[in-house]
Amino acid sequence: QVKLVESGGGLVQPGGDLKLSCVASGRVFSTYAMGWFRQAPGKERELLVAQGVSGDTPYYTDSVKGRFAISRDNFKNTVFLQMNSLKPEDTAVYYCAAAGAFRTLVDGRPNYWGKGTQVTVSS
(Lines give C-alpha, C1' and ligand atoms only; values in the text may rest on other atoms or scores of the structure.)
Protein backbone atom coordinates (compact mmCIF):
# COMPACT_ATOMS: atom_id res chain seq x y z
CA GLN A 1 0.00 0.00 0.00
CA VAL A 2 1.07 3.56 -0.73
CA LYS A 3 -0.49 6.57 0.93
CA LEU A 4 -0.16 9.90 -0.85
CA VAL A 5 -0.73 13.27 0.81
CA GLU A 6 -0.71 16.47 -1.22
CA SER A 7 -0.08 19.97 0.11
CA GLY A 8 0.71 23.44 -1.16
CA GLY A 9 -2.54 24.37 -2.81
CA GLY A 10 -4.22 27.71 -2.29
CA LEU A 11 -5.31 30.95 -3.89
CA VAL A 12 -2.93 32.64 -6.31
CA GLN A 13 -3.29 35.54 -8.70
CA PRO A 14 -3.07 35.04 -12.47
CA GLY A 15 0.56 34.95 -13.53
CA GLY A 16 1.65 33.72 -10.13
CA ASP A 17 3.50 30.58 -9.13
CA LEU A 18 2.73 27.73 -6.77
CA LYS A 19 4.56 24.57 -5.76
CA LEU A 20 2.67 21.46 -4.77
CA SER A 21 4.16 18.64 -2.73
CA CYS A 22 3.13 15.03 -2.40
CA VAL A 23 4.57 12.86 0.33
CA ALA A 24 4.34 9.12 -0.11
CA SER A 25 4.42 6.52 2.61
CA GLY A 26 4.36 2.80 2.42
CA ARG A 27 6.19 0.78 -0.16
CA VAL A 28 9.44 1.80 -1.82
CA PHE A 29 8.77 5.18 -3.37
CA SER A 30 11.60 5.10 -5.88
CA THR A 31 10.12 2.12 -7.73
CA TYR A 32 6.89 3.91 -8.62
CA ALA A 33 6.02 6.08 -11.56
CA MET A 34 4.59 9.32 -10.23
CA GLY A 35 2.27 11.86 -11.74
CA TRP A 36 -0.06 14.76 -11.22
CA PHE A 37 -3.65 15.03 -12.38
CA ARG A 38 -6.27 17.70 -11.92
CA GLN A 39 -10.04 17.95 -12.04
CA ALA A 40 -11.86 21.20 -12.63
CA PRO A 41 -15.55 21.60 -11.75
CA GLY A 42 -17.74 19.86 -14.30
CA LYS A 43 -14.77 18.33 -16.10
CA GLU A 44 -13.10 14.96 -16.15
CA ARG A 45 -9.89 14.33 -14.31
CA GLU A 46 -6.93 14.91 -16.63
CA LEU A 47 -3.31 13.87 -16.57
CA LEU A 48 -0.88 16.79 -16.37
CA VAL A 49 2.49 15.14 -16.02
CA ALA A 50 3.87 11.67 -15.53
CA GLN A 51 7.36 10.50 -14.76
CA GLY A 52 8.76 7.01 -14.58
CA VAL A 53 11.34 5.89 -12.09
CA SER A 54 14.18 8.30 -11.37
CA GLY A 55 15.87 9.85 -14.37
CA ASP A 56 13.11 9.24 -16.87
CA THR A 57 12.05 12.13 -19.08
CA PRO A 58 8.62 13.30 -17.93
CA TYR A 59 5.56 13.41 -20.13
CA TYR A 60 3.63 16.70 -20.03
CA THR A 61 0.24 17.41 -21.47
CA ASP A 62 0.24 20.31 -23.91
CA SER A 63 -1.74 22.67 -21.71
CA VAL A 64 0.99 22.78 -19.05
CA LYS A 65 4.12 22.15 -21.09
CA GLY A 66 6.67 24.88 -20.42
CA ARG A 67 4.81 26.14 -17.34
CA PHE A 68 4.71 23.14 -15.00
CA ALA A 69 7.58 20.94 -13.90
CA ILE A 70 7.68 17.71 -11.94
CA SER A 71 10.54 16.73 -9.68
CA ARG A 72 11.04 14.08 -7.07
CA ASP A 73 13.19 13.53 -4.02
CA ASN A 74 13.45 9.80 -3.46
CA PHE A 75 15.20 10.28 -0.11
CA LYS A 76 12.23 12.25 1.20
CA ASN A 77 9.60 10.16 -0.62
CA THR A 78 8.28 13.36 -2.12
CA VAL A 79 7.23 14.47 -5.57
CA PHE A 80 6.73 18.12 -6.44
CA LEU A 81 4.83 20.06 -9.04
CA GLN A 82 6.18 23.54 -9.73
CA MET A 83 3.50 25.60 -11.44
CA ASN A 84 4.44 28.89 -13.05
CA SER A 85 2.50 31.52 -14.97
CA LEU A 86 -0.78 30.25 -13.60
CA LYS A 87 -4.00 31.01 -15.43
CA PRO A 88 -7.62 31.06 -14.21
CA GLU A 89 -8.23 27.91 -16.25
CA ASP A 90 -5.70 26.12 -14.06
CA THR A 91 -8.20 26.28 -11.21
CA ALA A 92 -8.90 22.72 -10.12
CA VAL A 93 -8.29 20.09 -7.49
CA TYR A 94 -4.82 18.67 -8.05
CA TYR A 95 -4.11 15.02 -7.35
CA CYS A 96 -0.90 13.12 -6.89
CA ALA A 97 -0.83 9.57 -8.23
CA ALA A 98 1.48 6.58 -8.15
CA ALA A 99 1.64 3.58 -10.43
CA GLY A 100 3.71 0.45 -10.72
CA ALA A 101 4.19 1.16 -14.41
CA PHE A 102 4.54 4.39 -16.37
CA ARG A 103 2.00 3.20 -18.94
CA THR A 104 -0.77 2.75 -16.42
CA LEU A 105 -0.15 6.25 -15.13
CA VAL A 106 -0.35 7.77 -18.60
CA ASP A 107 -3.51 5.73 -19.26
CA GLY A 108 -5.13 7.33 -16.21
CA ARG A 109 -5.19 4.12 -14.17
CA PRO A 110 -2.72 4.67 -11.34
CA ASN A 111 -2.62 2.24 -8.45
CA TYR A 112 -2.84 4.98 -5.83
CA TRP A 113 -4.37 8.44 -5.55
CA GLY A 114 -3.98 11.23 -3.05
CA LYS A 115 -7.03 13.07 -1.78
CA GLY A 116 -6.19 16.24 -3.67
CA THR A 117 -5.39 19.86 -2.95
CA GLN A 118 -7.38 22.83 -4.25
CA VAL A 119 -5.67 25.39 -6.48
CA THR A 120 -7.59 28.55 -7.28
CA VAL A 121 -6.24 31.11 -9.71
CA SER A 122 -8.13 34.36 -9.41
CA SER A 123 -7.61 38.05 -8.96
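Kindly establish whether Ala24 is in contact (Cβ under 8 Å) with a residue 40 or more places away in the chain, touching a Pro at 6+ places or on another chain (Cβ under 6 Å) and part of a strand (DSSP E or B). Against the criterion (in contact (Cβ under 8 Å) with a residue 40 or more places away in the chain, touching a Pro at 6+ places or on another chain (Cβ under 6 Å) and part of a strand (DSSP E or B)), Ala24 does not qualify.
In the set Lys19, Lys3, only one residue is open to solvent by 40 Å² or more (accessible area, probe 1.4 Å), part of a strand (DSSP E or B) and closer than 18 Å to Thr120 by Cα; that residue is Lys19. Do we find that Val53 is more than 11 Å from Tyr94 (Cα to Cα) and touching a Pro at 6+ places or on another chain (Cβ under 6 Å) in this structure? Answer is no for this residue.
Every residue, every condition in (1) small (Gly, Ala, Ser); (2) over 12 Å from the mean Cα position of the chain (by Cα); (3) closer than 16 Å to Ser7 by Cα, yes or no:
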residue	(1), (2), (3)
Arg38	no, no, yes
Gln51	no, no, no
Val64	no, no, no
Asn74	no, yes, no
Pro88	no, yes, no
Trp113	no, no, yes
Thr120	no, yes, yes
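The values are calculated or read from the model by the stated rules, or taken from the named source; none is laboratory data. The model shown is predicted, which means the values in this text are computed figures rather than measured ones. In this analysis, Cβ positions are derived from the backbone assuming ideal geometry, glycine residues included, and neighbour counts consider all displayed protein chains. Ligands, DNA and RNA are excluded from the accessible area calculation, which covers all protein heavy atoms including side chains. Shrake-Rupley method; radii C 1.70, N 1.55, O 1.52, S 1.80 Å.
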